[in-house]
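> Got a structure for you, questions after.
The values are calculated or read from the model by the stated rules, or taken from the named source; none is laboratory data. None of these values were measured; they are calculated from a predicted model. Counting neighbours? That spans all protein chains shown, and the Cβs are built from the backbone with ideal geometry, glycine included.
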Amino acid sequence: MLQPFAARLENWLFEPPDSLIGRPLWKVAQLLRYPYALIRDIARGQLTLRAMSLVYTTLLSIVPLLALSFSVLKGLGYHEDLEPVLFSFLEPLGTDRAYELTARVMDLVNNVRGTVLGSIGFAFLLYTVISMVQKVEESFNFIWRVEQPRSFARRFSEYLSVIVIGPAASVAAFGLLAAFRNTSLMQKIATYEPFGTMLVVLGSLAPYLLVAGVFTFMYAFIPNCSVRLRAALTGGLFAGALWAAAGIVFTSFVAGSTRTVIIYASFAIAIVALLWLYVSWLVLLLGAQLSFYVQNPQYLRPGRAEIQLNASLRERVALSIMYLIVCDFRDAQRRWTINALAEHLDLPGAAIGPIVTALERKGLLLLAEDETWVPARDPETIELADVIEAVRQDTTGPRLGKIRDIAPAVDAAREAERALKEALKGKTVKQLADEAK
């Protein structure tokens, strides 16, 4: 029953009537594309599965991660501030449950810290922590359509820098915020209205703004690709606000779930903690997905669905790609990547990638060291018919054998092929660029 409604809604959002374009309602429709795409991605289940996987990874690595962070913070003199940060993250579970769970985790951290692990134990601890960050990177790369992960050397150096600097920066930020709030100047300003009310509101929002800042940093740093600040900031603010709202709703849910406590007894705290971990990871992934859509709006409609262009459109896109690359390469202007081409042509990169690959196989394009595309040979020697032939002959999967010929159909197809070659005979990509210029 929902599929016809979803189809009509999608057509209204992405193919509005001409009478709507340019009006205020059209602006609203453009904004509604983003929540529609996020809800559709949740319904397809790929984000929820990855959030569940991250919950399992967190259970394995939370104690080693906190133990390593505790050791770093102790060297900086901030180790006593780790417990309040952990408590604030678990506070939506309820004050009593958050305090109990924080105490248990800190006991485990102290036991790990106080035990002589040896070289094998320390190596296992470090591996567990790095594998968690790697799992997060894999999820972010999945969202950003990145197939090539970081190299082992980059993983080791960059992951360790985040693990060491991240907790210290978070704890220092909370400490500076508390110290600034307790200064005599702030206390004196708070006695005057409306400054007192404004300071109270800002003090309540400050932890959530710090969370949004952490999310923004993760969205900009973790994916193995270039993320614009605007996209990362939009996702960070959205995820921070959603995480705050989820915390309020979850606190109300826990407060009213007395039956759950009675049924599960001592297991209730573990179940509630797992649910909160799942919600937190899902919020983080939703913010990353929004960041991707803000930077790549051409993916809003298809999402992760397979993009299929008809033969005529593939030929037109191939000619457009060759024209753009040859023009700017000849004039020493911008260099084109697949993402830049997709954004310029208003098409998903998943649709352009196979066409660029077909042109590369035919020897028409070449990938430079900076991951931009350049002509593989002199544009004056690249005929338009070569471009058309490259995308027509590009096939994937198993090839068919000889099929039965129907003479009239074969003659008509050959006549159309001769007409096309005759129309494009002698015309090169360089001439196309010169005529347009």
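> Would you confirm whether or not segment 228-245 contains a residue that is within 24 Å of A103 (Cβ to Cβ), assigned by TED's automatic domain parsing to the domain that holds L101 and either in a helix (DSSP H, G or I) or modelled with pLDDT under 70 (or both)?
Filtering segment 228-245 for residues within 24 Å of A103 (Cβ to Cβ) gives 243.
If we keep only those that are assigned by TED's automatic domain parsing to the domain that holds L101 as well, we get 243.
Checking which are either in a helix (DSSP H, G or I) or modelled with pLDDT under 70 (or both) leaves us with 243.
The answer is yes, given that some residue of segment 228-245 is within 24 Å of A103 (Cβ to Cβ), assigned by TED's automatic domain parsing to the domain that holds L101 and either in a helix (DSSP H, G or I) or modelled with pLDDT under 70 (or both).
> Separate question: Return the only residue of R50, R40, R44, R33 being in contact with a Ser or Thr (Cβ under 8 Å, 6 or more places away or on another chain) and at pLDDT 85 or above. Before you say what the answer is, go through the steps one by one.
Numbers: R40 fails: in contact with a Ser or Thr (Cβ under 8 Å, 6 or more places away or on another chain); R44 fails: in contact with a Ser or Thr (Cβ under 8 Å, 6 or more places away or on another chain); R33 fails: in contact with a Ser or Thr (Cβ under 8 Å, 6 or more places away or on another chain).
The match here is R50.
> Hey, among the residues in segment 261-273 that are surrounded by 15 or more Cβ atoms within 10 Å (Cβ to Cβ) and not small (G, A, S), which one's modelled with the lowest pLDDT? Full working, then the answer.
Step one: list which residues in segment 261-273 are surrounded by 15 or more Cβ atoms within 10 Å (Cβ to Cβ), which gives 261, 268-269, 272-273.
Subset that is not small (G, A, S): 261, 269, 272.
On the way: V261: 55, I269: 69, V272: 77.
Here the residue is V261.
> Counting only residues that are closer than 17 Å to Q393 by Cβ and either under 30 Å from the mean Cα position of the chain (by Cα) or surrounded by 19 or more Cβ atoms within 10 Å (Cβ to Cβ) (or both), how many does segment 317-355 have? Break it down into steps so the answer makes sense when it comes.
Going residue by residue through segment 317-355, those that are closer than 17 Å to Q393 by Cβ are 317-319, 321-322, 354-355.
This time we only want the ones that are either under 30 Å from the mean Cα position of the chain (by Cα) or surrounded by 19 or more Cβ atoms within 10 Å (Cβ to Cβ) (or both), so: 317-318, 321-322, 354-355.
Residues flagged as closer than 17 Å to Q393 by Cβ and either under 30 Å from the mean Cα position of the chain (by Cα) or surrounded by 19 or more Cβ atoms within 10 Å (Cβ to Cβ) (or both) within segment 317-355 amount to 6.
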